[in-house]
Amino acid sequence: MFIGNRLKELRNKKSITQEELGKTIGLSKQTISTYELGTREPDNDTLLKLADFFAVSLDYLLGRTDNPEGLTEEEEQKHIELDEVLSHKKILFYGEPLSLEEKEAVVNVLKIIKQKDKEKK
């Protein structure tokens, strides 16, 4: 849902309609509306077009940072730390190494928790 909130906020700051934004990046007004309502998410190409049009980073558009220019050094370090931990070949859980699938499952659980936290706000 964060993309929708950011998209609506950015569009309103530029004082353009959903229809105008859609025409500019080659989408319908209805598609822009579904993005803003959170019933549909833009694909990667559309995300890039939106970020370019609004001159913001993908991290900002996706809600990873409140800085339109991208992640701060401190935010970047936080993201790197989890990646570094998960990239180690041997992470143990109750004395047994985690497989790649189990590491991915841990990340997926964290994503669900983060999404629920965002929905509460």
| said: Please determine whether any residue of region 104-114 is modelled with pLDDT of 75 or more, of a type in the set (V, I, T), under 26 Å from L47 (Cβ atoms) and touching a helix residue (DSSP H, G or I) at 6+ places or on another chain (Cβ under 6 Å). | reply: no
| said: Among the residues of region 24-40, are any touching a residue at least 40 places away in the same chain (Cβ under 8 Å), farther than 12 Å from F2 by Cβ and of a type in the set (A, V, I, L, M)? | reply: no
| task | Hey, can you tell me all the residues within region 1-35 that are within 18 Å of Q115 (Cβ to Cβ) and in a helix (DSSP H, G or I)? | result | F2, I3, G4, N5, R6, L7, Y35
| request: Taking L82 as the residue in question, decide whether it is among the aliphatic types (A, V, I, L, M) and at pLDDT 80 or above. | output: no
| said: I'd like to verify a number: residues in region 41-55 that are touching a residue at least 12 places away in the same chain (Cβ under 8 Å), of a type outside the set (S, T, N, Q) and in a helix (DSSP H, G or I), how many? | reply: 5
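The values are calculated or read from the model by the stated rules, or taken from the named source; none is laboratory data. This one's a predicted model, so the numbers in the text were calculated from it and none came from an experiment. Cβ atoms come from the backbone with ideal geometry, glycine included; neighbour counts cover every protein chain shown.
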